[in-house]
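The block underneath contains the structure these notes are about, expressed in structure tokens.
What follows draws every value from the coordinates through simple rules; no lab data is involved. If you're wondering where the values come from, they're calculated on a predicted model, not measured in any experiment. Cβ: placed from backbone, ideal geometry, glycine included. Neighbour counts: every protein chain shown.
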Amino acid sequence: MKLASLKGGRDGRLVVVSNDLAWFTEAHHIAPTLQAALDHWEGMAPALRALAESLELGAVPKERFHEHQAASPLPRAYQWADGSAYVNHVALVRQARGAELPKSFWTDPLMYQGGSDGFLGPRDPIPLADESWGLDLEGEVAVITGDVPRGASREQALAAVRLVMLCNDVSLRNLIPDELAKGFGFFQGKPASAFSPVAVTPDALPGWKDGKLSGALEVELNGQPLGEADPAVDMTFDFGALIAHAAKSRSLGAGTIIGSGTVSNRGADGGPGKPVSEGGAGYSCLAEVRTIETIASGAPATPFLKAGDVVRIEMRDARRHTIFGAIEQAVAAA
């Protein structure tokens, strides 16, 4: 089942989307918003699934689905917590600045709590007030949970995954070091993120297994491939582990979003990955490109995003059909 929120009001308008993302049908008679459906998932999910089946059969009124009319599936959320499941990414960044990677990073996930009072739509521009702030994209996978009890096990956490989507976790890289130096960041370095036009139930994703999503996460910059990393590869902490980590000392409410962190694959030789142009999986953020450049030559050469740049993040199935729709955002001077 695929769900989306069309723009309108702060929380959007819930619709069910066809498997090929060509059509949608209204779901307001079941739940007005996605959050309302998540709050009463056990009762509403069967009705939404039945509506999705009717849409595929052409048995209900339908309209063309246009991704630019979609907000992020949850236009705002009670909670947004982003992990760093790909320790390879963290290790590279620390190596570039000559910092040792603590052993605990392999057993205890990193996680920060981001702003969730408003997300960018998947086709909304990314506002940038100052290019010196170092604007970066981050291609990620994210899940939306139901209620998760405090102290939940990994198995309980996985059972609470309701929907899966893609994310562009926008970062202002040059603001982050000073924030972290205070021992109390992130905040200003993490502006509003964006999520894919459509969120998908795990049972509708052939690539979903054991809390990981396999496939190529296609990241493009200005029409050129930047990354094709597989989110299931080199993922040190699956979503069960990430959700359980977040719920260690507090319960999580329905509608909590948990992110994977920047998807990052090692090279075939176990070292830093290679660009797509050289047959590698490439990179899901510019910081990793700049890190590898620093390791290789002592300084980064690739600039961060500037006004006019266009970012695209998408995943496709084996037949090259889009799964979640595309996050496609232009950087706009604010």
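Around A307, under 14 Å between beta carbons, what's the net of Lys plus Arg minus Asp minus Glu among the other residues?
-2
Rounding to the nearest 10 and keeping the result within 0 to 90°, find how far the Cα-based axis of helix 41-57 lies from the longest principal axis of the chain.
80 degrees
Of the options S171, G98, L128, report the single residue whose Cα projects farthest towards the positive end of the charge dipole of region 91-188 (beta-carbon charges: Lys, Arg +1; Asp, Glu -1).
Checked the options; the winner is G98.
Eigenvalues of the Cα gyration tensor times 5, then square-rooted: what semi-axes does that give for the chain, in whole angstrom, largest first?
Equivalent-ellipsoid dimensions as semi-axes: 32, 22, 19 Å.
For region 269-311, just say rounded, prolate or oblate: build the C-alpha gyration tensor, square-root its eigenvalues into a ≥ b ≥ c, call rounded for a/c under 1.5, and beyond that prolate if a/b exceeds b/c, oblate if not.
oblate
Would you work out if region 74-185 is rounded, prolate or oblate? Take a ≥ b ≥ c from the square roots of the eigenvalues of the alpha-carbon gyration tensor; rounded if a/c is under 1.5, else prolate when a/b is larger than b/c, oblate otherwise.
oblate
What angle, in degrees between 0 and 90 and rounded to the nearest 10, separates the Cα long axis of helix 87-96 from the longest principal axis of the Cα atoms of the chain?
On a 0 to 90 degree scale, this one is about 30.
Can you tally the lysine pairs in the chain where the Cα-Cα distance is under 29 Å and the two residues are eight or more apart, or on different chains?
Going through the chain pair by pair, I get 25.
When the chain is treated as a GNM, springs tying every alpha-carbon pair under 10 Å, which of H40, H29, H245 comes out with the largest mean-square fluctuation?
Judging by the Gaussian network model, the answer is H29.
Using a ≥ b ≥ c from the Cα gyration tensor of region 178-259 (square roots of the eigenvalues), is it rounded, prolate or oblate, where a/c under 1.5 gives rounded and otherwise the larger of a/b and b/c decides, a/b for prolate?
Oblate, because a/c is 1.5 or more while a/b does not exceed b/c.
Summing -39500 (n - 2.57) over the DSSP H runs of n ≥ 4 in the chain and dividing by its residue number, what mean residue ellipticity at 222 nm do you reach, to the nearest 500 deg cm²/dmol?
-5500 deg cm²/dmol
Helix 286-297: angle to the longest alpha-carbon principal axis of the chain, degrees 0 to 90, nearest 10?
20 degrees
Nothing charged except the Cβ atoms of Lys and Arg (+1) and of Asp and Glu (-1): what's the magnitude of the dipole of the chain about its Cα centre? Round to the nearest 20 debye.
Result for the chain is approximately 380 debye, rounded to the nearest 20.
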